[in-house]
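Here is the structure we will look at, set down as structure tokens.
The values are calculated or read from the model by the stated rules, or taken from the named source; none is laboratory data. Bear in mind the structure is a predicted one, so any value in this text is a computation, not a measurement. Please note: Cβ atoms are built from the backbone with ideal geometry, for glycine as well, and neighbour counts cover all protein chains shown. In case anyone asks, the SASA skips ligands and DNA or RNA and just uses the protein heavy atoms, side chains included. Shrake-Rupley method; radii C 1.70, N 1.55, O 1.52, S 1.80 Å.
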Amino acid sequence: MSTLVTNIGSLVTNDPAQGDATPLGLVLDAAVVIDGDRIAWVGAAADAPAADEAFDAGGRAVIPGFVDSHSHLVFGGDRTAEFNARMSGRAYSAGGIRTTVAATRAASDAALEANLTRYLDEALRQGTTTFETKSGYGLTTHDEARALRIAAQHTEEVTYLGAHIVSPDYADDPAGYVDLVTGEMLDACAPHARWIDVFCEKGAFDGDQARAILTAGRAKGLIPRVHANQLSFGPGVQLAVELDAASADHCTHLTDADVDALASGGTVATLLPGAEFSTRAVWPDARRLLDAGATVALSTDCNPGSSFTSSMPFCVALAVRDMGMTPDEAIWSATAGGAAALRRTDIGRIAPGARADIALLDAPSHVHLAYRPGVPLVSDVWRQGVRCR
């Protein structure tokens, strides 16, 4: 079956060859034809070909489905008490992860999967059609491997993050834990993952440890990505660029050399404003990165400790309000930017041959996602050509 989505008032394609020839490729009075799981045609509604069925967008805006390229959705419990304490004045540190580790180890596979699908459904209702998610809350070979098996049933973008923090079981032997992460645990986890990640930060893993972990993963066919420079200045960004990581994520504390490295390399700077919002930390400077020529993605970092939001629209609004991005830049970064961070060309855009992932907004323009923060503007979503809501 083919579907003509017509009477689109404003269509973001992320294809500069379309419409206004900007990075957003904005087309007014537009239509899209979906055939199977792919986009078959894009253009002016007056020129649209016939299809098996039609859907009237009512003059509203359509954007590509959001691409959430950084999340932590396989976990047990929550950290309400920690959040409450932080909002009362306690500083955030990497160590809080241990609370979730204990809850995740205690949870059954069924409970972990139910939790995962709950947040995936929540994200889909807000327009997210592609997501990446990580292990990292088990920190044993068994628990890391089962987290990845569960995640792989729901997405192809699965990341091995055994190096989230040093396991509490190895508190007195961090070198031994690095050996585990790069040895037995990696062997068990690599078949279920596409990516390998490491939290390169004070309280987690230093530059030498991170390099060893990422290099071992790459030898197993996993592609690096790095939690980099979130809480302090450090080697994470430089290491990500050196190893041709797909993305350096957080990028809150950057030197001029870090910015230059991101601008000149192929590593995407993925910014996670939900983390700064919920930890009251300094905001990443998106404007500085964009002006230098770096590719920027936006993502939720959805996790129970430092960014418990599944809402890409919320992150778009934060990026515009507090990180120096324009609405056009934020939408691009939350869609095409996320696709770049996952090294994908079939998502994050609306163009012939791309996957048919689109979101219809109950608004005349994509700008309303920042203009009307907190309002549930996504009214309909198509994922792989299927209308989901």
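Tabulated results
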| read-out | value |
| --- | --- |
| Within region 153-176, tally of residues that are part of a helix (DSSP H, G or I) and open to solvent by less than 20 Å² (accessible area, probe 1.4 Å) | 1 |
| Single residue of G385, G337 found to be at pLDDT 95 or above and within 19 Å of P16 (Cα to Cα) | G337 |
| Residues that are assigned to a helix (DSSP H, G or I) and either of a type in the set (S, T, N, Q) or surrounded by fewer than 19 Cβ atoms within 10 Å (Cβ to Cβ) (or both), drawn from region 193-213 | G207, D208, Q209, R211, A212 |
| Residue list for region 291-319, restricted to those being free of Cβ contacts under 8 Å to residues at least 60 places away in the same chain, open to solvent by less than 40 Å² (accessible area, probe 1.4 Å) and over 16 Å from H250 (Cβ atoms) | V316, A317 |
| Matching residues, region 10-31, being of a type outside the set (A, V, I, L, M), on the phi < 0 side of the Ramachandran plot, assigned to a loop (DSSP other than H, G, I, E, B) and surrounded by 20 or more Cβ atoms within 10 Å (Cβ to Cβ) | T13, D15, Q18 |
| Top-ranked residue of region 131-145 - restricted to ones that are part of a helix (DSSP H, G or I) and open to solvent by less than 10 Å² (accessible area, probe 1.4 Å), ranked as nearest to H192 (Cα to Cα) | A145 |
| Filter result (of a type in the set (G, A, S) and either open to solvent by 10 Å² or more (accessible area, probe 1.4 Å) or in a loop (DSSP other than H, G, I, E, B) (or both)) within region 339-389 | A340, G348, A351, G353, A354, A356, A363, S365, A370, G374, S379, G385 |
| Pairs where the first residue, in region 374-386, is farther than 18 Å from G36 by Cβ and of a type in the set (V, I, T) and the second is open to solvent by less than 10 Å² (accessible area, probe 1.4 Å) and assigned to a loop (DSSP other than H, G, I, E, B), C-beta under 9 Å, 6+ apart | V375/A363; V378/G127 |
| Yes/no for G59 being open to solvent by 10 Å² or more (accessible area, probe 1.4 Å) and either assigned to a loop (DSSP other than H, G, I, E, B) or at pLDDT below 95 (or both) | yes |
| Positions within region 214-240 being surrounded by fewer than 24 Cβ atoms within 10 Å (Cβ to Cβ) and either closer than 24 Å to A188 by Cα or over 21 Å from the mean Cα position of the chain (by Cα) (or both), in sequence order | T215, A216, R218, A219, K220, G221, L222, I223, S232, F233, G234, P235 |
| Region 244-262: number of residues that are touching a strand residue (DSSP E or B) at 6+ places or on another chain (Cβ under 9 Å) and either surrounded by fewer than 19 Cβ atoms within 10 Å (Cβ to Cβ) or free of Cβ contacts under 8 Å to residues at least 12 places away in the same chain (or both) | 1 |
| Restricting region 266-280 to residues that are open to solvent by 40 Å² or more (accessible area, probe 1.4 Å) and under 14 Å from T252 (Cα atoms), the residue that is farthest from the chain's Cα centre (by Cα) | R280 |
| Tabulated pairs, region 109-125, first closer than 15 Å to H72 by Cα, second open to solvent by less than 30 Å² (accessible area, probe 1.4 Å) and not hydroxyl-bearing (S, T, Y), C-beta under 6 angstrom, 6+ apart or interchain | L112/V74; L112/I150; E113/I150; L116/L73; L116/V74; Y119/L73 |
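Okay, residues lined up against (1) within 30 Å of E144 (Cβ to Cβ); (2) modelled with pLDDT of 95 or more; (3) under 24 Å from the mean Cα position of the chain (by Cα); (4) surrounded by fewer than 18 Cβ atoms within 10 Å (Cβ to Cβ):
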position	(1), (2), (3), (4)
A46	no, yes, no, yes
S69	yes, yes, yes, no
H72	yes, yes, yes, no
S88	no, no, no, yes
A94	yes, no, yes, no
D109	yes, yes, yes, yes
L112	yes, yes, yes, no
